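Every number here is computed from the coordinates shown, using simple stated rules; none is lab data. Keep in mind that what you see is a predicted model, and the values were worked out from it rather than measured. All Cβ positions, glycine included, derive from the backbone under ideal geometry; neighbour counts span all protein chains shown.
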Amino acid sequence: MTNRITRREFSGLLLAAGAAAASGGIATAAETGTRRKVIFDTDPGIDDAMALLFLHYLPQIDLVGITTSFGNHTIDVTTRNALYMAERFKINAPVARGVADPLVGENGPPPVYVHGKNGLGDIPLPDKISRQPDPRPAPQFIVDTVRAHPGEITLVAVGRMTNLALALRAAPEIAGLVTEVIIMGGAFGYFGNLGNVTPAAEANIHGDPAAADEVFGAKWKVTAVGLDVTHRVEMPQDYLRALADEAGDPGKFIWDITRFYENFYRSAGMPSIYVHDASAVAYLADPTLFKTRSGAVRVVTEGLAFGETIQKPDSRRFPGGAWDNRPSQAICVDVEAEKLRQLYRATIIAGAKRA
Ligand code: BDR
Ligand code: CA
């Protein structure tokens, strides 16, 4: 696949970008005429599936690999779901199967009450899928791809960070070869936000805190798109209904899978769904939609606050401790939710037209 962006794609990009067309991220891609190479590490998962379509249809992105993680379901199911999506939406990127368990301990029971028994809101799925996974395990796929494209790969990780941590352990030099790492994960207490698995912890981090702590501690640039911002981005039912009407098969797919998700949120007293993983993709597409704060991040790996993410802002001084000698990483602390929704909608509609 070429890494040049065609004139037609570029026009599509401008159309798709809508209100965000003037933003820094998109202008950069247009200026350079290149597409950013991305590996998407994901546990589909309803909001993962929404994020994958967003990435697939962003014209400035070259999706070079999908690696699967356990979390929203077992690794078998999340890998099957990624392969299903690749087949249905003609996503050419290879799909590499991730590891089944966290660095320490074992994966717990999947949250079927959030994502359904099949991980995709219990929409009917075919018994057989022709697309086959890449022969390499996900950490190896990440190492190989980063080494093959030094300085070019962005990792977007929206599940447990286990594959990334294992890739780092196998080849620590990749930290210096990756462009940047964008994760959906964490709850940093901004706006008083709590976790979503415990009062302290967000699901992706709680599922493998040791892996997350290694990812935050490596010498690469990490941006965490956590609950502090994803709990400020909702997609109401009428927005999803309009997408189903305007965005062809992807729009209908998003509508179908979000029926289950919406019921889960409604049962928890929420009128509409939170947009977790697609918010991480939005940061990639247009970081100007977000406000960030920098500082070293630690993850609590044992005890009552297991999975809690704590940042020491660079602006604060403390008399020494566990945050010393760790790289300064970015956490998102604010988001322009309406613009994010517009960017998502415009991208899916334009992508559906091109498909
Ligand atoms: C995260 O956990 C998963 O349920 C979602 O896919 C998202 O990545 C939100 O806490
Ligand atoms: Ca996810």
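Assorted remarks:
- Translational diffusion of the range 33-171, estimated by Stokes-Einstein from the Kirkwood radius over alpha carbon pairs at 25 °C in a medium of 0.890 mPa s, is 164 µm² per second.
- Over the range 121-235: Rg over Rh, Cα atoms, Kirkwood Rh: 1.03
- Prolate/oblate/rounded label for the range 216-355 (Cα gyration tensor, a/c 1.5): prolate
- Surface/4 of the Cα convex hull for the range 169-267, nm²: 8.8 nm²
- Sorted by Cβ density within 10 Å, fewest first, the residues PHE253, PHE290: PHE290, PHE253
- Isotropic mean projected area of the C-alpha convex hull, the chain (nm²): 16.6 nm²
- Cβ-to-Cβ counts within 10 Å put SER272, SER315 in ascending order as SER315, SER272, the fewest first.
- Stokes-Einstein diffusion of the range 195-252 at 10 °C, 1.306 mPa s viscosity, Kirkwood radius from Cα pairs, rounded to a whole number: 112 µm²/s.
- Distances between every pair of Cα atoms in the range 48-130, grouped in 10 Å steps from 0 to the bin holding the largest one, split as 17, 48, 30, 5 percent.
- Along the chain, counting only trypsin sites (Lys or Arg not before Pro) with a DSSP assignment other than H, G, I, E or B and at most 12 other Cβ atoms inside a 10 Å radius, the longest segment between sites is 220-315.
- Point-charge dipole on Cβ atoms (K/R +1, D/E -1) for the chain, about Cα centre, debye to 20: 760 debye
- Computed [θ] at 222 nm, deg cm²/dmol, the chain (DSSP H ≥ 4; -39,500 (n - 2.57); rounded to nearest 500): -12000 deg cm²/dmol
- Highest GNM mean-square fluctuation among GLY105, GLY71, GLY321, for the chain modelled with Cα contacts below 10 Å: GLY321.
- Relative contact order computed over the chain (Cα-Cα under 8 Å; 6+ residues apart), in percent: 20 percent
- Length-normalised contact order of the range 49-204 in % [C-alpha pairs under 8 Å, at least 6 apart]: 20 percent
- Given in Å, the Rg to one decimal and the Dmax to the nearest whole number for the Cα atoms of the range 268-348 are 16.2, 49.
- Across ILE129, ILE39, ILE331, mean-square fluctuation computed from a Gaussian network of the chain (C-alpha pairs under 10 Å connected) peaks at ILE129.
- Span-like helix ranges in the chain, DSSP H, alpha carbon extent 18 angstrom or more, Kyte mean at least -1.0: 75-88, 248-267, 337-354
- For the chain, the longest site-free run once GluC sites (Glu not before Pro) in DSSP loop states with at most 15 other Cβ atoms within 10 Å are removed: 107-301
- Gaussian network model of the chain, Cα within-10 Å springs - most flexible of ILE61, ILE123, ILE273: ILE123
- Average Cα contact separation per residue, the range 140-277, under 8 Å, 6 or more apart, as relative contact order %: 22 percent
- In the range 82-186, a dipole from Cβ-located charges (positive for Lys and Arg, negative for Asp and Glu) runs towards its positive end, and of GLY186, ASN118, PRO94 it is ASN118 whose Cα lies farthest in that direction.
- As a proxy for reagent exposure, ranking MET184, MET270 by other Cβ atoms within 10 Å from fewest up yields MET270, MET184.
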